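Q: Shown below is the structure under consideration.
The values are calculated or read from the model by the stated rules, or taken from the named source; none is laboratory data. Note that the coordinates shown come from a computational prediction; the quantities given were computed from them, not determined experimentally. We place every Cβ from the backbone using ideal geometry, glycine too, and count neighbours over all the protein chains shown.
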2 protein chains.
Amino acid sequence: MPRNSIPLDVQPDRPLILLSNDDGVDANGLAALASALTGLGTLAVVAPIQEQSAVGHSITVRDPMRAHPWLFEGPEGPIWARAVTGTPADCVKLASQKLLPRRPDLVVSGINHGPNAAVNVIYSGTVSAATEAAILGIPSFAVSHCSWDPEVDFEAAGRYARIVAGRILEHGLPSGVLLNVNVPDQKMEHIRGIEVTRQAHARWEEEFEERRDPMNRPYYWLGGHFVNLDDGHDTDLHAIDQGYVSVTPIHYDLTAYKHLSRLEAWDWHVESINPVPTDI
Amino acid sequence: MPRNSIPLDVQPDRPLILLSNDDGVDANGLAALASALTGLGTLAVVAPIQEQSAVGHSITVRDPMRAHPWLFEGPEGPIWARAVTGTPADCVKLASQKLLPRRPDLVVSGINHGPNAAVNVIYSGTVSAATEAAILGIPSFAVSHCSWDPEVDFEAAGRYARIVAGRILEHGLPSGVLLNVNVPDQKMEHIRGIEVTRQAHARWEEEFEERRDPMNRPYYWLGGHFVNLDDGHDTDLHAIDQGYVSVTPIHYDLTAYKHLSRLEAWDWHVESINPVPTDI
């Protein structure tokens, strides 16, 4: 296992920027992110040792975690890095509370290989790292490249990540809010700019494929295709489709506020709870 | 492995109710839920074969899944059941799209052993099963008992689960909205009723404990305690604390709508993206 014993040079007047992701510490997108943010502050990398896509906001509560010193080459030399045997949310918790000498000023998660827009936000490990930072009170954003091409060029996404990082360091973010950034699969010169968006209403049409093992027992692969159900022009999917970088402010208060009053109007009176109700 | 080859008696005019959880197919809370809902419709159980707490909205995309026929005893005899080698969200996807002869009319996840209120909603596998149902357009709720006691009595929680199930079958739910139900750790006669609430603002104060293995290498256990930062009287935590069953409507649109305009006011003009910006 590669070892990285370089010191972490944290200065009080220089932003400490924690980088993480869900594709794993050795993913190209993370290296591209580190390159893009070089010079904005002191960079530190704490990322999963293994790919963790689609883990959602999973955390590790039943097993201990390791944090291996890791060789992570940046454009100006090695960057302090740890590879964690956990999820993206674990990485941010462990880094902020234990591994780093102080809380980071900014957490950036990415650059994900593939989009994290619409309903996919809740399945996304990339977003969960940034969400965990927001829960801890640290400004953060997730950044994803909307291409699945293994040979994708992350340069444009990196440039935009740097712009968003700069804006957040300048303006801050409201408590509990993070940004979810998706960069369209376009050449840099074709990207039309940045749009602030809302999460589109969409879903997956799942088709589980049933196969048989050599002993004729069934097993299932999750497959399917993504369906946009939202024709709004203010959504993340629309912005991406139109060649814009989508920036969506998201939070982790899942309360469906506009339905509170409707639900309160239901008859919740339950005097009959004792004895056992038989015909509700 | 126990086998359960009982047929699933689905009738067009009788609600088909899918039960799942994150504590695993053999958890006492799931058995209590099945008992409590007996008679409300045709019950089917599709739950993780292993405990899946704190998995958040994780799904299985890199491995195939098995769905083992399972012996699940209900109060009126065995209930059709499958134990799935996946997460709670996987169970609901696979059941609704592949295993059941038709889409269920209601999905109920629980009864979880321990509360799922405030920020814990996003870590919760229990809630994620119900959220997945909402994404698929199926009315759903998650129900949790606020006790960690291994010997907890689920009867009161079961009674309230039945009431909520009845209300949802009667009223339906708005598209994309599910209910998150938490039952206080009180004897049935001390529970004061049901309150419709919002998710409290709270967080975990994490304390990672560093230990050393026999080879003196460090590893970390996640620990910590829960801190309520919200003194509102309309929250889930307040209702539970006051002895009420908390019912929170939640959704999976994470857009922080009230911050959209503020974010739009930032300077997002990026004409300088080509060539490389050097001093943003």
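Q: From the set of residues in segment B:205-221 that are in a loop (DSSP other than H, G, I, E, B) and touching a residue at least 12 places away in the same chain (Cβ under 8 Å), which is surrounded by the fewest Cβ atoms within 10 Å (Cβ to Cβ)?
A: B:E207
Q: Right, another one. From the list B:L71, B:L94, pick out the single residue that is part of a loop (DSSP other than H, G, I, E, B), among the hydrophobic types (A, V, I, L, M, F, W, C) and farther than 27 Å from B:T197 by Cα.
A: B:L71
Q: Sticking with this structure for a sec: Give segment A:186-204 a look and list any residue that's in contact with a strand residue (DSSP E or B) (Cβ under 9 Å, 6 or more places away or on another chain), on the phi < 0 side of the Ramachandran plot and not in a strand (DSSP E or B), or say none.
A: The answer is A:I191, A:R192, A:T197, A:Q199, A:A200, A:H201.
Q: So if I check each of B:H171, B:H201, B:H190, which one is within 30 Å of A:Q199 (Cβ to Cβ) and exposed (fewer than 15 other Cβ atoms within 10 Å of the Cβ)?
A: None of the others qualify; the one that does is B:H171.
Q: Take the residues in segment A:36-66 that are over 20 Å from the mean Cα position of the chain (by Cα) and outside any loop (DSSP other than H, G, I, E, B); name whichever of them is nearest to B:V121 (Cα to Cα).
A: A:M65
Q: In addition: Only residues that are surrounded by 15 or more Cβ atoms within 10 Å (Cβ to Cβ) and either modelled with pLDDT under 95 or not in a strand (DSSP E or B) (or both): list them for segment B:230-240, please.
A: Answer for segment B:230-240, where residues must be surrounded by 15 or more Cβ atoms within 10 Å (Cβ to Cβ) and either modelled with pLDDT under 95 or not in a strand (DSSP E or B) (or both): B:D230, B:D236, B:L237, B:H238, B:A239, B:I240.
Q: Using beta carbons and a limit of 6 Å, which pairs, at least six apart or on different chains, have the first residue in segment A:13-38 and surrounded by 24 or more Cβ atoms within 10 Å (Cβ to Cβ) and the second one among the basic types (K, R)?
A: Listed pairs, sorted by first residue: A:A36/A:R162.
Q: So if I check each of A:A239, A:A200, which one is more than 7 Å from chain B (Cβ to nearest Cβ) and in contact with a Leu (Cβ under 8 Å, 6 or more places away or on another chain)?
A: Answer to the check: A:A200.
Q: Name every residue in segment A:206-225 that is more than 9 Å from chain B (Cβ to nearest Cβ) and of a type in the set (A, V, I, L, M, F, W, C), in order of residue number.
A: Of everything in segment A:206-225, just one residue is more than 9 Å from chain B (Cβ to nearest Cβ) and of a type in the set (A, V, I, L, M, F, W, C), namely A:M215.
Q: May I pose another question? Could you tell me which numbered condition B:E170 fails, if it satisfies all but one of (1) assigned to a helix (DSSP H, G or I); (2) facing chain A (nearest Cβ under 8 Å); (3) more than 19 Å from B:Y244 (Cα to Cα); (4) of a type outside the set (S, T, Y)?
A: Single failed check for B:E170: (2).
Q: Just checking, how many residues over segment A:48-67 are more than 17 Å from A:D23 (Cβ to Cβ) and touching a strand residue (DSSP E or B) at 6+ places or on another chain (Cβ under 6 Å)?
A: Total meeting the criteria: 4.
Q: Residue under question is A:S124, and the condition is that it be more than 16 Å from A:P249 (Cβ to Cβ) and within 10 Å of chain B (Cβ to nearest Cβ); does it hold?
A: no
Q: Pick from B:G86, B:G56, B:G110, B:G114: which is within 23 Å of B:P249 (Cβ to Cβ) and facing chain A (nearest Cβ under 10 Å)?
A: B:G56
Q: What number of residues within segment B:1-35 satisfy the criterion of being under 14 Å from B:R102 (Cα atoms), assigned to a loop (DSSP other than H, G, I, E, B) and in contact with a strand residue (DSSP E or B) (Cβ under 8 Å, 6 or more places away or on another chain)?
A: 6
Q: Another question, if that's okay. Are there any pairs, at least 6 apart or on different chains, whose C-beta atoms fall under 8 Å, with the first in segment A:173-189 and under 15 Å from A:Y244 (Cα atoms) and the second of a type in the set (D, E, K, R), and if so, which?
A: Hits for this filter: A:N180/A:D236; A:N182/A:D236; A:P184/A:D241; A:D185/A:D149; A:M188/A:E155; A:M188/A:R159.
Q: A further question on this structure: Spot the failing condition for B:S246; the list is (1) over 30 Å from A:N116 (Cα atoms); (2) polar (S, T, N, Q); (3) at the interface with another protein chain (Cβ under 9 Å from one of its Cβ atoms), and only one is missed.
A: For B:S246, the failing item is (3).
Q: Condition first: closer than 27 Å to B:L173 by Cα and within 9 Å of chain A (Cβ to nearest Cβ). Can you find one or more residues in segment B:226-234 that meet it?
A: yes
Q: Within segment B:142-163, track down each residue that is buried (at least 19 other Cβ atoms within 10 Å of the Cβ), assigned to a helix (DSSP H, G or I) and either more than 9 Å from every other protein chain (Cβ to nearest Cβ) or charged (D, E, K, R) (or both).
A: Within segment B:142-163, B:A157, B:G158, B:R159, B:A161, B:R162 meet the criteria.
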